[in-house]
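J.: One structure coming up, written as C-alpha cells, with questions to follow.
Please treat every number below as a calculation from the coordinates, not as lab data. Quick caveat, the model's predicted, so the values are computed rather than measured. Glycine also receives a Cβ, built like all others from the backbone with ideal geometry; neighbour counts cover every protein chain displayed.
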Amino acid sequence: MSESASTPTPAKSMDAIMALCKRRGFIYQASEIYGGINGFWDYGPLGAQMKKNLRDAWWEDMIMRPCWGRNGPDGHPVQCVPVETRIIQHPKVWEASGHVGGFNDPMVDCKETRGRYRYDHVSVFVPENGDAGDKPVFAYMGDTPSEARQRKKAEKTFGAIKSVALSSLPQPWARVIAPDAEKPGSLTEPRMFNLMFDTITGAIRDESNKAYLRPETAQGIFVQFKNVIDTTRIKVPFGIGNTGTSFRNEVTPRNYTFRSREFEQAELEFFCHPDESADWYKFWRDFRMEWWKAIGLGGDGGGNLILREHEKDELSHYSQGTSDVEYRFPFTAPGFGELEGIAHRGNYDLTQHQAHSKVKLEYNDTERGELLPNGSRRGEKYLPHCVEPAAGLDRGVLALICEAYTKDDSRPSPEFMKFHPRIAPVKAGVFPLVNKDGMPEVAEKLHTELSRKFWRQGMIETDAKQTIGKRYARMDEAGCPFCFTIDGDTLTNQTVTVRDRDSGQQQRIGIDKVAGFLSEKLAP
RNA sequence: GCGGACGUAACUCAAUGGUAGAGUGCCAGCCUUCCAUGCUGGAUGUUGAGGGUUCGAGUCCCUUCGUCCGCUCCA
C-alpha cells in the first residue's frame, strides 16, 4: 500500500459493502457454518459469475486478442498463448525461484514492547573490544529511529562501540535490550514463519516427499518456457499467460478478501529480446492501467486508480523497472492497495531455472544475427528478457465491487452496484409490468431468448412478483445494468421499455431489437 | 503471533442475571400499468462453539474459533 496526496473521495463504508456482498450472494466466509477459517473466502452465485467475467475479460484481452488487437512497440500485433500449470511443482522450482529461502523469515518478538523484528535484520551495538561484562548491549534496526537512540545509549555506556548481528550473539539474550525496549532480556528466540504451504505427495508421509503449494503461478510458466517454444511456432517476442490459484500463508490475513491465504492470479510472462525489453515494459505497464480503467475502475475520472512506479531502491537487483496498479480501497484510503504488479524481470528466472535444472533454456532467434549469402540470418542465441504483468483476480473483484458500490439516498434504491456491463454477473432483467393480461407470457418468451443468447456472459433474470419498483431495486443491488419491461403497449406495438440502472431513465425499443441492444452494450 | 473491540434471524440491530424481539429482506395470497413506502398471512435462532458460576446465563467467568482495529508482515 502506498500513500498519495491526490484528492481522496469520501471513503465508502466497508461494513455496508460486506453486508451487501453477503446479502446478495457475492462473497461468503469459507466454511462459515463451522465458524469460518481465517484467510479464506468463498464466492456465492453472483460473485462466482462476476469473477468468471473478470477472468474471461483478462483471457480475451491478454491472450486471445492481446491489447484489443493493437500493435506492440515493435510495430507488430502482440502475440500470446495460454498454458495451465499445476499448483504443485517439483520442490526444486521453488529453490530456483528463491522462494524456499526467501519465504522462511525467522522473526524475534519483544515481550516488553510487543514489537516484532526480522531476526536477520536486527543488529546490536557492543563495546569495541566485544566484552560488555555484566552490562547490557543495545539492539537496533538499521534505518529506524532505534538506531540513533541505541547508538547514543551504547556510546554513553561503553565509549567506543561496534555493531554486530544479533545472530552472532549466544542465546538466550538476557543482556540484550530490544530496539524499542527499556529493559534487557525481552527478546524471544527466533521463530520461523513459513509463508509457503507445504504438503506431502505420495501415500507415505515422509519429509523427502515434501512439496509446496505455489505462492505464484509465474514459475510454472518459466518452467514450461522451453516446451512452448519447442511445440508451437510462436517466436519471440511473445507472451505466455496463466490463471490459477496460489497460496501464501499470510501472517495476518486482513481487509476482507484483500489478503487471503488462497487467491487467484492472472499472470502473463512476456518474453522479448533484451534490447527491446525496456520498451515492452513501458508498453505493458501503460496497457494494464488502461485495461483496469476500461472494465470499470475509471470512475471519478479514474481517481481511485494509480500507476505507481517503484523507486530504484525498491527494485530487485535484476529489474529495470516495476510498477504497481493500485486502487484506493475504502480500507486503504487515502492510501492505495496493490491490484497488479508489472515487473521487468530481466532474464533472472530463466537464468535461475537453467542453472538449477541444467537444461539449456536459450532461445535461438533466427531473425537476428548477420545476413548470410543465402538470404537467411545466422541467428542469435540468448535468454529472453521477461516483462511480467501479474494481476490478482480476487483483488480485482474486490476493487470492482468497492468501485461499483454506490449510495444515493435520493434514489428509490439507495444502494446499488454500478458494474461495467461486461463485468456485471446479471446482464439483464426481463419483467412483466404487471402479472396479468398476457404480459408474463411475453416476458417469459423474451427471457428464454436472451438466456439462450447470453448465458456465456452472465445471468438473465426474470420475476413477475411484487411491484415493479421492488424488482428494479433488486436488480440495482445486484448491479444488473439493464431491465426490459413488458407493458400494455408491448402487446399492441411490439416495443418494450429499457431501464438504465445508473440513470433510471427509460427508452422504448422494439422487442426484436433487445438482443442486439444488449449484445452491443456487453462488448468490450 | 501480541494487544484492544466485537460475535443474537439472511441483513441491520434490541433485550436490568428472569418467557429471545423489532425493522428490512424472504415465502404465500390479494391489490397493482413504471421505481423497494397498499393489504393479509407465514417461515426462520442450539444467542459463533465448548466448559464453568447460578435456582436461572444472550447477559458474569474460562477456553476456543471467527471478524474488525493497532503492532508485525506484505518475499
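J.: Can you list residues from other chains, or at least 5 along the same chain, whose modelled amide H is less than 5 Å from the amide H of A:HIS310?
T.: Here A:THR322, A:SER323, A:ASP324 satisfy the definition.
J.: Now, a different point. With the Cα gyration tensor of the stretch A:290-365 giving a ≥ b ≥ c as the square roots of its eigenvalues, does the rule (a/c under 1.5 for rounded; else a/b larger than b/c for prolate; else oblate) give rounded, prolate or oblate?
T.: Here the stretch A:290-365 falls in the prolate category.
J.: Please work out whether the stretch A:171-283 counts as rounded, prolate or oblate from its C-alpha gyration tensor, where a ≥ b ≥ c are the square roots of the eigenvalues and a/c under 1.5 means rounded, while otherwise a/b larger than b/c means prolate and anything else oblate?
T.: prolate
J.: In whole percent, what relative contact order does chain A give with Cα contacts below 8 Å and a gap of six or more residues?
T.: 13 percent
J.: Which whole-angstrom value gives the distance between the alpha carbon centres of the stretch A:13-35 and the stretch A:118-183?
T.: What the calculation gives is 48 Å, centre to centre.
J.: Work out how far the C-alpha atoms of chain A reach from end to end along every principal axis, then list the three figures in whole Å, largest first.
T.: For chain A, the Cα spread along each principal axis is 101, 74, 54 Å.
J.: Another question, if that's okay. Taking a 30 Å limit on the Cα-Cα distance, which of the listed pairs A:LYS445/A:LYS521; A:LYS51/A:LYS521; A:LYS92/A:LYS235; A:LYS407/A:LYS436 fall beyond it?
T.: Beyond 30 Å: A:LYS407/A:LYS436.
J.: Further question on the same structure: Using +1 at the C-beta of Lys and Arg and -1 at the C-beta of Asp and Glu, which of A:GLY302, A:THR406, A:PRO334 has the Cα lying farthest in the positive direction of the dipole of chain A?
T.: Value computed over the given set: A:THR406.
J.: Given Cα pairs under 8 Å that are at least 6 residues apart, what percent is the relative contact order of the stretch A:414-522?
T.: Relative contact order, the stretch A:414-522: 32 percent.
J.: Can you tell me the Rg and Dmax of the stretch A:228-346, counting just the alpha carbons, in angstroms?
T.: When restricted to the Cα atoms of the stretch A:228-346, Rg and Dmax are 16.1, 48 Å.
J.: Identify, among A:ILE486, A:VAL498, A:PHE419, the residue whose Cα sits farthest towards the positive end of the charge dipole of the stretch A:414-522, taking +1 on the Cβ of Lys and Arg and -1 on the Cβ of Asp and Glu, with the dipole about the Cα centre.
T.: It is A:PHE419, whose Cα lies furthest towards the positive end.
J.: Kyte-Doolittle cut-off -1.0, length cut-off 15 Å along the helix's own axis using Cα: show which whole DSSP H helices in chain A pass.
T.: Sorted by number, the helices that extend far enough and score high enough are A:45-59, A:393-404, A:439-454.
J.: Can you find, among A:HIS385, A:PRO215, A:THR322, the residue farthest towards the positive end of the dipole of chain A? Put +1 on the C-beta of Lys and Arg, -1 on that of Asp and Glu.
T.: Result: A:PRO215.
J.: Please list, in chain and number order, the residues 5+ apart from A:PHE238 or on another chain whose amide H is under 5 Å from its amide H, with Hs placed from the backbone.
T.: Long-range HN contacts for A:PHE238: A:PHE271.
J.: Same structure, new question: Mind putting a number on the dipole of the stretch A:414-522 about its Cα centre? Charges go on the C-beta only, +1 for Lys and Arg and -1 for Asp and Glu, and I need it in Debye to the nearest 20.
T.: 300 debye
J.: What residues qualify as long-range amide H neighbours of A:LEU195, i.e. H under 5 Å apart, gap of 5 or more or another chain, H built at 1.01 Å from N?
T.: A:ASP105
J.: If r is the Cβ-Cβ distance from A:SER31 to A:ILE88 and R0 is 25 Å, what FRET efficiency results, to the nearest 0.05?
T.: For A:SER31 and A:ILE88, the calculated efficiency is 0.65.
J.: Charges at C-beta only: +1 for Lys and Arg, -1 for Asp and Glu. How large is the resulting dipole of chain A about its Cα centre, in Debye rounded to 20?
T.: Around 680 debye, computed over chain A.
J.: Quick check: residue separation of A:GLU155 and A:SER167 times 0.36 nm, minus the Cα distance between them. What number comes out in nm?
T.: Result for the pair: 2.2 nm of gain on full extension.
J.: What number comes out for the charge environment of A:GLU441, summing +1 per Lys or Arg and -1 per Asp or Glu over other residues with Cβ under 14 Å away?
T.: Combined, the nearby Lys, Arg, Asp and Glu give -2.
J.: Just the number, please: percent antiparallel of the DSSP beta bridges in chain A, rounded to the nearest 5.
T.: Of those bridges, close to 85 percent are antiparallel.
J.: With 15 Å as the cut-off, how large is the P(r) tail for the stretch A:242-305, expressed as percent of Cα-Cα pairs?
T.: 69 percent
J.: Calculate the dipole size of the stretch A:8-74 relative to its Cα centre from +1 charges on Lys and Arg beta carbons and -1 charges on Asp and Glu beta carbons; express the result in debye to the nearest 20.
T.: Computed charge dipole of the stretch A:8-74: roughly 200 debye.
J.: Neighbour counts of other C-beta atoms within 10 Å: give me A:GLU267, A:GLU250, A:GLU370, A:GLU216 arranged from fewest to most.
T.: Going from least to most buried by this count: A:GLU370, A:GLU250, A:GLU216, A:GLU267.
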